[in-house]
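What follows is one structure encoded as structure tokens, with my remarks underneath.
The values are calculated or read from the model by the stated rules, or taken from the named source; none is laboratory data. Computed from a predicted structure; not experimentally measured. Cβ sites come from the backbone with ideal geometry, for glycine too, and all protein chains shown count toward neighbours.
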Amino acid sequence: MFMSDIYMIFLGLLILIIGVLVGVAYLTLLERKVLGYIQIRKGPNKVGFMGILQPFSDAIKLFTKEQTYPNFSNYLSYYFSPILSFILSLMIWLLIPYYFNMVSFNLGVLFFLCCTSMGVYTVMVAGWSSNSNYALLGGLRAVAQTISYEVSLALILMSSIIMIMDFNLLLFFYYQNYIWFIILMFPLSLCWMSSSLAETNRTPFDFAEGESELVSGFNIEYSSGGFALIFLAEYSSILFMSLLFVLMYMGGFSLSIMFYLKLLFISFLFIWVRGTLPRYRYDKLMYLAWKSYLPISLNFLLFFLGFKILLL
């Protein structure tokens, strides 16, 4: 009985990972389609019905290409950093609070913070090991940006944790039965949204890949499989950030169609922002984190602390 339970947990995790990978594949297709229509063009529409098989043909093309690597690169770290980045981005998905058959996390929020902090190292190593000035500069920018916004993310997260007084993500559902936290914490939820844009290196904060000066940032030397893995890791973290937003501010986790529609809507927001806003200036990005979000999140933290004490 005990072994069969373990097998079922592994089977559940395998299905989860396959689901995440297919979700990521179709998120890229959604992005290309939405950006196409925003720019008044079609987007992918040749492979399969209305381009529905495009992500799979892209994956086959990328993974069957020859793996090239620069002569002066530090080969082992250059080769393994995308793989590690991808593994870390999939590990975070263990947190999704299913009601059955899964690893139950009582300290889920801490696990999330640990995994996202580890993700910084893979970006840094990828930029450094390529031994290219552009890749190194892109990596340094991405690292500085990610570390800065992790501070604001952690503080905003603490306000939500104070509301439920637990690290378990499942409890967000029970506390939002009558009112969603997005109504109670509207300014904070907006701060969380833009911080998660910065955390996942998305427009308007994609300074790791400023085309005018850094070409494509820390992944400039990567092609074929390595590039595909970095790409998958980025989109997987976008999907997870959307999930976290829905969990914390829009009613928590429930196995209903509404939950997945909310998740889709937040993912769509990431794409909509990319199609609408121009890139921010780098110093302004840093000022935004340290001079705006840090004081706001600290003040709200004290406010919700007082609020919780009042309720008790």
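Please work out if A198 is within 27 Å of G23 (Cβ to Cβ) and modelled with pLDDT under 90.
yes
Being in a helix (DSSP H, G or I) and crowded, with 23+ Cβ neighbours inside 10 Å is the filter; apply it to the stretch 208-228 and report the residue that is modelled with the highest pLDDT.
Ranking the candidates gives G226 first.
Scan the stretch 293-304 for residues that are closer than 12 Å to I162 by Cα and either crowded, with 17+ Cβ neighbours inside 10 Å or touching a helix residue (DSSP H, G or I) at 6+ places or on another chain (Cβ under 6 Å) (or both) and jot them down.
F300, L301, F304
Would you check if there is a residue in the stretch 167-177 being in a loop (DSSP other than H, G, I, E, B) and either of a type in the set (V, I, T) or over 22 Å from I96 (Cβ atoms) (or both)?
Scanning the stretch 167-177, I find no residue that is in a loop (DSSP other than H, G, I, E, B) and either of a type in the set (V, I, T) or over 22 Å from I96 (Cβ atoms) (or both), so the answer is no.
Give L155, L140, L197, L171 a once-over and let me know the one that is within 27 Å of T276 (Cβ to Cβ) and within 22 Å of the chain's Cα centre (by Cα). First the steps, then the outcome.
Values: L155 fails: within 27 Å of T276 (Cβ to Cβ); L140 fails: within 27 Å of T276 (Cβ to Cβ); L171 fails: within 27 Å of T276 (Cβ to Cβ).
Just a single option satisfies the conditions, and that option is L197.
Name, by its number, the condition in (1) more than 29 Å from S223 (Cβ to Cβ); (2) in contact with a Pro (Cβ under 9 Å, 6 or more places away or on another chain); (3) at pLDDT 85 or above that does not hold for I156.
(2)
Residues being crowded, with 24+ Cβ neighbours inside 10 Å and more than 14 Å from the chain's Cα centre (by Cα): count how many of those fall in the stretch 143-152.
So the count comes out to 1.
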